[in-house]
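Note sheet for the following structure.
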Amino acid sequence: NAGVTQTPKFQVLKTGQSMTLQCAQDMNHNSMYWYRQDPGMGLRLIYYSASEGTTDKGEVPNGYNVSRLNKREFSLRLESAAPSQTSVYFCASTSGTGYEKLFFGSGTQLSVL
Amino acid sequence: DQQVKQNSPSLSVQEGRISILNCDYTNSMFDYFLWYKKYPAEGPTFLISISSIKDKNEDGRFTVFLNKSAKHLSLHIVPSQPGDSAVYFCAAGESNDYKLSFGAGTTVTVRA
């Protein structure tokens with residue numbers, strides 16, 4: 001059971017470089033999310049997609065873009081990476097709203113030098 | 001401003017004893033609450049949840065208590081086991097919304 005798969009697991013970028021974090025889920029979930037985890041800050045929502053074809057900003061969207069490619073895939077793009085974007089990024093999915101729990105991927109550790 | 005707060009960054013407990021993790025929230029619109037557990041180099045995994053219509057939910061060794069008037073919830077782990085050593089995140093949301101707000105996490109260490 002793959003669940004939520006994120007690639008890559010580790011990445012080092014130089015300031016100003018761009019990259020895309022990939023996420024795919026095989027649970028037929030409607031909603032997908034991107035979070036970042038920073039020490040002392042917990043998990044903060046960057047962007048989410050409530051359903052295929054829709055995307056919305058979360059708490060900390062600046063410097064990021066997303067694409068809901070299809071129902072399975074939700075990518076996060078950093079157009080011009082900054083040191084403040086050094087973080088651990090988690091993709092998550094759920095079947096809906098309300099009391100539905102989130103399923104998380106194993107994370108991408110990103111360092112921007 | 002964080003809407004969900006876990007004011008204790010860490011907790012150390014002896015194996016077999018009770019672990020109590022606390023969480024406070026500020027948004028009165030939140031009507032469901034969850035706890036997630038995270039091991040190093042892994043994503044968070046769901047542990048237990050509670051809706052605002054209840055004040056207690058139990059699942060094996062884990063019990064979550066909700067005090068709506070105080071905007072406070074707690075997670076009790078009894079008895080604590082070495083495998084419980086992890087980071088625990090409290091989360092809250094509105095049942096008609098897609099977003100969850102997370103606390104900063106509490107690192108639990110269970111001593112043998």
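Can you name the residue in the range B:93-108 that is under 22 Å from B:Ser10 (Cα atoms) and part of a strand (DSSP E or B) and is also farthest from the other protein chains (Cβ to nearest Cβ) among such residues? Lay out the reasoning, then the answer.
Here is the first cut: in the range B:93-108, the ones under 22 Å from B:Ser10 (Cα atoms) are B:101-108.
From what's left, part of a strand (DSSP E or B): B:101-102, B:106-108.
Values: B:Ser101: 8, B:Phe102: 4, B:Thr106: 10, B:Thr107: 11, B:Val108: 15 Å.
Restricting to residues being under 22 Å from B:Ser10 (Cα atoms) and part of a strand (DSSP E or B), the top hit is B:Val108.
Can you name the condition, by its number, that B:Asp59 falls short on among (1) open to solvent by less than 30 Å² (accessible area, probe 1.4 Å); (2) free of Cβ contacts under 8 Å to residues at least 40 places away in the same chain; (3) within 14 Å of chain A (Cβ to nearest Cβ); (4) farther than 21 Å from A:Arg44 by Cβ?
So B:Asp59 meets the others, but not (1).
Select from the range A:88-113 the residues that are open to solvent by less than 10 Å² (accessible area, probe 1.4 Å) and either in contact with an Asp or Glu (Cβ under 7 Å, 6 or more places away or on another chain) or of a type in the set (Ser, Thr, Tyr) (or both) and write down the one among them that is nearest to the other protein chains (Cβ to nearest Cβ).
Here the answer is A:Thr94.
Given the criterion at pLDDT 95 or above and either within 16 Å of A:Ser75 (Cα to Cα) or aliphatic (A, V, I, L, M) (or both), identify the matching residue among A:Thr20, A:Thr54. Full working, then the answer.
Details: A:Thr54 fails: at pLDDT 95 or above.
Checking each option against the conditions leaves just A:Thr20.
I need a count of the residues in the range B:1-36 that are open to solvent by 60 Å² or more (accessible area, probe 1.4 Å), within 18 Å of A:Leu45 (Cβ to Cβ) and either among the small types (Gly, Ala, Ser) or assigned to a strand (DSSP E or B) (or both).
Final tally of qualifying residues: 1.
I'm told A:Ala81 meets every condition in (1) over 28 Å from B:Asp31 (Cα atoms); (2) assigned to a strand (DSSP E or B) except one. Can you identify the failing condition by its number?
(2)
Quick one: B:Gly43 ticks every box in (1) within 13 Å of another protein chain (Cβ to nearest Cβ); (2) in a strand (DSSP E or B) bar one, so which box is it?
(2)
When the residues of the range B:49-92 are narrowed to those that are of a type in the set (Val, Ile, Thr) and not in a strand (DSSP E or B), which ends up farthest from the chain's Cα centre (by Cα)?
So the first thing to find is which residues in the range B:49-92 are of a type in the set (Val, Ile, Thr), and the list is B:50, B:53, B:63-64, B:77-78, B:87.
Adding the requirement that they be not in a strand (DSSP E or B) leaves B:53, B:78.
Numbers: B:Ile53: 17, B:Val78: 14 Å.
Result: B:Ile53.
Go through the range B:62-92 and give me each residue that's free of Cβ contacts under 8 Å to residues at least 12 places away in the same chain and within 11 Å of chain A (Cβ to nearest Cβ).
Listed by number, the list is empty, since nothing qualifies.
The values are calculated or read from the model by the stated rules, or taken from the named source; none is laboratory data. The model shown is predicted, which means the values in this text are computed figures rather than measured ones. Don't worry about glycine lacking a Cβ; one is built from the backbone with ideal geometry, like all the others, and counts go over all protein chains shown. What goes into the accessible areas is simple: the full protein's heavy atoms, side chains included, and nothing from ligands, DNA or RNA. Shrake-Rupley method; radii C 1.70, N 1.55, O 1.52, S 1.80 Å.
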